[in-house]
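Report on the following structure.
The values are calculated or read from the model by the stated rules, or taken from the named source; none is laboratory data. Quick caveat: nothing in here was measured; it's all calculated off a predicted structure. Cβ sites come from the backbone with ideal geometry, for glycine too, and all protein chains shown count toward neighbours. The area values use the complete protein model at the heavy-atom level, side chains included, leaving out ligands, DNA and RNA. Shrake-Rupley method; radii C 1.70, N 1.55, O 1.52, S 1.80 Å.
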Amino acid sequence: MVETLPVPDLSDAKILRTVSGIRPCRRGGLRIEAEVLGSDAGGRTVIHNYGHGGCGVTIGLGTGDEVVRLVERHSDPDAPVAVLGAGAVGLMAALRLLEAGRRVRIIAEKPGTETVSTVAGAVWLPTGVEFGDTAERTAWFHAILRRSIEGLRALPARFGVEELPVYEPASAPENPEFFDNGTLEAPLPLDVLPVGARVQPGRVFRTLFMHTPRLLRALIAEIEARGGVFERRRIGRVEEIGELEEPIAINCLAMGSRDLFSDSAMYPARGMLVLMKPQRLGYIVHDGYKYMFPRDDALVLGGCFLEDDWLDEPDESYCREILAHHRAFFGQ
């Protein structure tokens with residue numbers, strides 16, 4: 001007899017709202033490297049840390065480790081650091097720098113709880129980012145993945161990270177690259193999924209799930225407890241970086257890097273979510289960019305991946321299609 005799991009209520013009465021966000025993707029993958037700016041910016045050194053695509057929450061701690069290494073290489077041991085951007089990537093880099101003993105100021109137009117990071121699901125799967133086109137680049141990225149998941153697993157419970165089973169129908173896209181890097185056990189085939197309205201085969205694996213609003217709040221609190229300082233301010237010109245009191249800056253501006261640093265490799269990938277009233281189901285359903293995440297503040301139904309779409313408002317027709325997909329899966 002197949003064990004069945006709790007079924008969500010996807011009725012209109014449970015809908016809270018729809019939201020949209022832009023994933024900061026980059027052709028060529030992550031950019032994590034040092035750059036010495038021109039004389040118009042005072043020859044200041046910037047460490048770039050962007051291009052995370054749909055997995056800033058997933059790999060931010062691992063890329064933060066890379067930032068620490070570059071800062072140590074390009075500055076004096078006691079030099080203070082400015083972090084530009086307060087999304088998950090910026091906050092995680094700031095935390096790693098504080099843990100390494102640096103003085104850190106985070107400069108951002110919006111606080112972390114108002115960035116696109118708070119819209120994210122977010123399950124630990126490295127989606128929407130390139131793994132590398134050479135063996136060396138891929139090995140480097142795999143090392144970031146391993147450090148990232150180890151870092152997330154080490155966080156205290158208040159950060160909102162937990163391990164959950166993920167159920168996929170057999171027809172869902174397979175992504176072996178998510179599992180061949182030494183971070184997750186490969187999916188187990190199932191003759192019958194324990195979720196869904198119809199009898200069908202599938203697979204299951206376990207991974208981390210991040211309750212992003214809680215994670216962002218905990219990161220901010222930890223940064224402040226360690227002496228990090230936040231300044232609400234927009235950096236709109238490279239010359240402004242040269243005016244900072246810190247001798248080294250970390251660029252975690254995501255899509256903002258496209259204009260500020262003339263990086264045309266950056267492109268948006270729009271996503272949309274339907275947020276339902278919270279339902280603690282204890283599992284995830286994943287079918288490519290259609291997914292259901294039981295976040296503690298909402299049951300999250302996604303989604304889509306619309307490349308080169310700059311709109312940041314939800315589209316009613318897409319959101320109804322998202323809802324219809326999940327209702328069909330659960331026979332509602």
Using a 1.4 angstrom probe and counting only protein chains, how large is the accessible area of ARG233 in Å², to 10? 70
Between ASP308 and GLU239, what is 0.36 nm times their sequence separation minus the Cα-Cα distance? Round to one decimal in nm. 22.0 nm
Return, ordered by residue number, the residues of segment 274-291 whose backbone nitrogen is under 13 Å from a label point located 7 Å along Cα→Cβ of LEU16. 274-280
Which of the aspartates and glutamates could a cross-linker span from LYS14 if the Cα-Cα distance has to be under 20 Å and same-chain partners fewer than 8 positions apart are dropped? ASP296, ASP297, ASP315, GLU316, GLU321
Calculating Rg/Rh (Cα atoms, Kirkwood Rh) from this structure picks out, from [x] 1.04; [y] 0.98; [z] 1.08, entry [y]
So who's got an amide H within less than 5 Å of the one on PHE330, skipping anything under 5 residues away but keeping other chains? H placed 1.01 Å off N, in plane. ALA197
If you take the beta carbon distance between ALA186 and SER39 as r and set R0 to 56 Å, what does 1/(1 + (r/R0)^6) give as a FRET efficiency, to the nearest 0.05? 0.60
Counting only protein heavy atoms and using a 1.4 Å probe, what share of the accessible area of the chain belongs to carbon plus sulfur, as a whole percent? 49
Only Cα pairs under 8 Å and at least 6 apart count here; give the relative contact order of segment 94-239 as a rounded whole percent. 40
Evaluate the charge dipole of the chain about its Cα centre and quote only its size in Debye, nearest 20, assuming +1 on the Cβ of each Lys and Arg and -1 on the Cβ of each Asp and Glu. 720
Length gained if GLU72 through ALA197 is fully extended, taking 0.36 nm per residue and subtracting the Cα-Cα distance, is 39.5 nm
Amide H to amide H, which residues 5 or more places from TYR167 or on other chains are under 5 Å from it, using H placed in the peptide plane? ILE284, VAL285, HIS286
Counting other Cβ atoms within 10 Å, keep those with at most 16, restrict to DSSP loop, and tell me which trypsin sites (Lys or Arg not before Pro) in segment 86-168 are left. ARG103
3J(HN,Hα) from dihedral phi, segment 218-226, Karplus parametrisation 6.51/-1.76/1.60, rounded to Hz, x for glycine, proline: 5, 4, 4, 4, 5, 4, 5, 5, 8
Projected label distance in nm at ALA170 and GLU321, using a 7 Å step from Cα toward the beta-carbon: 2.7
Solvent-accessible area per residue for the chain at a 1.4 Å probe radius, Å²? 43
Output the peptides 52-60, 220-228 sorted from most to least packed, where packing is the average of other Cβ atoms within 10 Å over each peptide's residues. 52-60, 220-228
Accessible area of TYR291 in the full protein assembly, 1.4 Å probe (Å², nearest 10): 30
Amide H neighbours of ILE106 under 5 Å, at least 5 residues apart or on other chains, H built in the peptide plane: list them. VAL83, VAL229, PHE230, GLU231
Which of LYS14, LYS290, LYS277 is most accessible, then next, and so on - probe 1.4 Å: LYS277, LYS14, LYS290
Through the Karplus equation 6.51 cos²θ - 1.76 cosθ + 1.60, θ set to phi - 60°, convert the phi angles of segment 98-113 into ³J(HN,Hα) values in whole Hz; use x for Gly and Pro. 5, 4, 7, x, 8, 7, 10, 10, 9, 10, 8, 5, 10, x, x, 6
Any chance you could look up the accessible area of ASP40 with a 1.4 Å probe, heavy atoms only, rounded to 10 Å²? 90
Computed lengthening from SER262 to PHE330, 0.36 nm per intervening residue step minus Cα-Cα distance: 19.9 nm
Sorted by accessible area with a 1.4 angstrom probe, largest first, how do VAL46, VAL199 fall? VAL199, VAL46
Starting at the first residue of segment 58-66, write each ³J(HN,Hα) from the Karplus equation 6.51 cos²θ - 1.76 cosθ + 1.60 with θ = phi - 60°, in whole Hz, x for Gly and Pro. 4, 10, x, 5, x, 6, x, 4, 5
Where does each of ASP309, ASP180, ASP297 land when they are ordered by accessible area, with a 1.4 Å probe and the largest first? ASP180, ASP297, ASP309
Taking the Cα-to-Cβ direction at ALA157 and at GLU177 and moving 7 Å from each Cα, how far apart do the two end points lie in nm? 3.7
